[in-house]
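Written below as structure tokens is the structure these notes are about.
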Amino acid sequence: MTNGYKDLVVWQRAMDVAVEAYRLTGNFPKEEMYGLSSQIRRAAVSIASNIAEGEGRKTNKEFYHFLGIALGSKSELETQIILSERVNLLKEPETVSIKKNLDNIGKMITALRRKLKKVGVES
């Protein structure tokens, strides 16, 4: 029996990134709780959530669409991580891992979308 989206390596990596995002923002100042910290956490959760939702819709067309949204959330999170470095909330050595993981997730999502397009996103 398959576990659907839970079996997807890209979803598993996205979940790891979400945990990492929570860890990185854990020491942000209180005034950032509803600012950048919240945005980082939402974008990180959104990557895995959109992969799961798309797979759960059970059509290639909708999966393809939600993978596109996940890709957008990945770029959003990368931007927020870079901004956090620029405003000195995070130091570059702290973000090496999450940025590498986001790059890999981007490649996996792109490959999955390419595969879905090959088999036909109309299905």
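Each reported figure results from applying straightforward, stated rules to the coordinates on display, with no laboratory input. Please read these numbers as outputs of a predicted model, since none were measured by experiment. With ideal geometry, Cβ positions are generated from the backbone for all residues, glycine too; neighbour counts draw on all protein chains shown.
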With respect to SER49, is the statement that it is over 9 Å from the mean Cα position of the chain (by Cα), crowded, with 19+ Cβ neighbours inside 10 Å, in a helix (DSSP H, G or I) and among the small types (Gly, Ala, Ser) true?
-> no
Of these, LYS61, LYS115, which one is free of Cβ contacts under 8 Å to residues at least 40 places away in the same chain and assigned to a helix (DSSP H, G or I)?
-> LYS115
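Restricting to region 85-102, count the residues that are surrounded by 12 or more Cβ atoms within 10 Å (Cβ to Cβ), within 26 Å of VAL9 (Cα to Cα) and without any contact (Cβ under 8 Å) to a residue 40 or more places away in the chain.
Narrowing region 85-102 to residues surrounded by 12 or more Cβ atoms within 10 Å (Cβ to Cβ): 85, 89-90, 94-95, 97-99, 101-102.
Next, from what is left, pick out any that are within 26 Å of VAL9 (Cα to Cα): 94-95, 97-99, 101-102.
Imposing the further condition that a residue be without any contact (Cβ under 8 Å) to a residue 40 or more places away in the chain reduces the set to 99.
Result for region 85-102: 1.
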Search result, residues across region 26-53 that are free of Cβ contacts under 8 Å to residues at least 24 places away in the same chain and in contact with a helix residue (DSSP H, G or I) (Cβ under 7 Å, 6 or more places away or on another chain) | SER37, ARG41, ASN50, GLU53
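Given the options GLU78, GLU85, name the one that is in contact with a Ser or Thr (Cβ under 9 Å, 6 or more places away or on another chain) and farther than 22 Å from GLY4 by Cα. Explain how you work it out, then say what you get.
Details: GLU78 fails: in contact with a Ser or Thr (Cβ under 9 Å, 6 or more places away or on another chain).
Going through GLU78, GLU85 in turn, just one is in contact with a Ser or Thr (Cβ under 9 Å, 6 or more places away or on another chain) and farther than 22 Å from GLY4 by Cα: GLU85.
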Filter pass, GLY68 being in contact with an Asp or Glu (Cβ under 9 Å, 6 or more places away or on another chain) and either closer than 20 Å to GLY26 by Cβ or part of a helix (DSSP H, G or I) (or both) | no
